[in-house]
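Working notes, beginning with the structure itself.
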Amino acid sequence: MTDRRLRLLAATEAEGDVLAGRLNDARVRITLPTEPDWDHQVLLITLVDLLGRLFPRVTVDLASDFAAAGSLPPGPALLGDRVGEALANAGLPRPDGLGASDEIVVRIGPATSADRAHLHVDGRGWTSYLGSAPSRLPSEPSPPVSVGPVAAACRAAAAVTSRVLAPVSTAAARAVAATPASCYFSTLTYTVDTAPIWEPTVPASAIDAVLIGAGSVGGAAVYTLSYLPQLSGRLTMVDPQQLEPHNPDRALLATAAAAAAAAGYCKIDVAARALAHHEPGLS
């Protein structure tokens with residue numbers, strides 16, 4: 001079984017062929033507000049990065065000349081170019097033409113009755129939203145906290161994957177059936193509700209911590225921290241391992257190019273590069 005995406009999904013070669021076919025044929029389209037703000041841009045880039053690890057056919061409805069928010073980490077000036085970079089992280093070939101599966105439409109942010117989607121996702125501050133109904137998170141600017149948008153992207157990526165695999169997986173079908181019409185979750189207060197959650201305004205601008213492990217979970221934490229504007233403080237990271245070719249399937253910081261490098265990259269080095277733009281405030 002050479003398709004690295006299937007390591008955790010398939011037990012036999014026959015199962016692998018079926019699952020690979022589902023992943024390769026699936027079509028996912030992401031739509032956004034006309035002018036996505038910083039929160040929605042963080043959500044978009046993270047969601048594309050996650051979906052691109054499994055699905056070759058991911059498209060985004062986005063004006064080609066729309067500028068990336070100035071407070072994002074260093075990168076291309078245009079948001080579309082950042083989306084392209086995120087798609088390229090997994091190293092999957094991007095085929096032309098339509099896949100055999102019906103298109104799954106994911107809407108980021110608020111929507112009108114004309115903005116039809118299978119899944120609605122939103123994130124602002126410490127809160128994430130996922131549901132079959134449009135988000136009702138307030139549109140007013142809030143302190144830039146990447147936790148809510150990144151968590152929302154993770155929830156949406158899991159929901160999309162369940163929809164794709166539902167015809168061939170009982171567990172995925174159960175997950176689709178359990179998708180709520182409206183579910184807000186606060187990572188600050190651990191509150192879950194069907195209506196938007198009030199939570200205190202707590203900025204995320206300073207850290208003093210030790211991170212043990214910079215792989216799947218630790219790398220996701222670093223990825224989230226990398227999107228925080230002007231993070232300061234001290235972060236000690238410990239992980240002796242190098243990246244391996246299969247790491248891009250489940251580690252956000254691991255790109256296909258870095259994992260396949262002949263010299264190899266230490267996970268700590270990759271994590272440090274992701275946070276380098278916070279220097280000298282973060283040490």
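Looking at (1) open to solvent by less than 40 Å² (accessible area, probe 1.4 Å); (2) under 25 Å from residue 139 (Cα atoms), which is the only condition residue 78 fails?
(1)
Could you please find all residues in region 197-213 being assigned to a loop (DSSP other than H, G, I, E, B), open to solvent by less than 50 Å² (accessible area, probe 1.4 Å) and farther than 16 Å from residue 150 by Cβ?
Residues satisfying the conditions are 197, 199, 213.
Looking at this structure, is residue 160 closer than 15 Å to residue 132 by Cα, at pLDDT below 95, in a helix (DSSP H, G or I) and open to solvent by less than 50 Å² (accessible area, probe 1.4 Å)?
No.
Those residues that are in contact (Cβ under 8 Å) with a residue 12 or more places away in the chain, more than 19 Å from residue 59 (Cα to Cα) and assigned to a loop (DSSP other than H, G, I, E, B), I need them from region 113-135; list them, please.
Within region 113-135, 125, 126, 132, 133, 134, 135 qualify.
Consider residue 194 carefully, then state whether it is modelled with pLDDT of 95 or more, more than 30 Å from residue 231 (Cα to Cα) and not small (Gly, Ala, Ser).
Answer is yes for this residue.
List pairs: first residue in region 171-189 and closer than 20 Å to residue 19 by Cβ and modelled with pLDDT of 90 or more, second residue crowded, with 17+ Cβ neighbours inside 10 Å and not acidic (Asp, Glu) anywhere in the structure, Cβ distance under 7 angstrom, at least six positions apart or on different chains.
172/162; 172/165; 172/166; 173/166; 175/162; 176/162; 176/163; 176/166
Are there any pairs, at least 6 apart or on different chains, whose C-beta atoms fall under 9 Å, with the first in region 195-223 and among the charged types (D, E, K, R) and the second in a loop (DSSP other than H, G, I, E, B), and if so, which?
Between residues of region 195-223 that are among the charged types (D, E, K, R) and residues that are in a loop (DSSP other than H, G, I, E, B), the close pairs are 199/125; 199/126; 199/188; 199/189; 199/191.
Pairs needed: first member in region 15-39, within 17 Å of residue 62 (Cα to Cα) and in contact (Cβ under 8 Å) with a residue 40 or more places away in the chain; second member anywhere, among the polar types (S, T, N, Q) and not in a strand (DSSP E or B); C-beta distance under 8 Å; at least 6 residues apart or different chains.
Final answer for the pair search is 27/101; 38/71; 39/142.
Considering each of 149, 110 in turn, give the residue that is open to solvent by 50 Å² or more (accessible area, probe 1.4 Å) and in contact (Cβ under 8 Å) with a residue 60 or more places away in the chain.
Exactly one of 149, 110 is open to solvent by 50 Å² or more (accessible area, probe 1.4 Å) and in contact (Cβ under 8 Å) with a residue 60 or more places away in the chain, namely 110.
So which residues in region 99-112 are out of contact with any helix residue (DSSP H, G or I) (no Cβ under 9 Å at 6 or more places or on another chain) and in a strand (DSSP E or B), if there are any at all?
Passing the criteria: 103, 105, 107.
Restricting attention to region 63-80, report how many residues are touching a residue at least 40 places away in the same chain (Cβ under 8 Å) and either assigned to a helix (DSSP H, G or I) or on the phi > 0 side of the Ramachandran plot (or both).
The qualifying residues number 1.
The values are calculated or read from the model by the stated rules, or taken from the named source; none is laboratory data. Keep in mind that this is a model prediction, so the values were computed, not measured. Heads up, the Cβs are rebuilt from the backbone with ideal geometry, glycines too, and the neighbour counts pull from every protein chain shown. Each accessible area value is taken on the protein alone, full model and side chains, heavy atoms only, with ligands, DNA and RNA left out. Shrake-Rupley method; radii C 1.70, N 1.55, O 1.52, S 1.80 Å.
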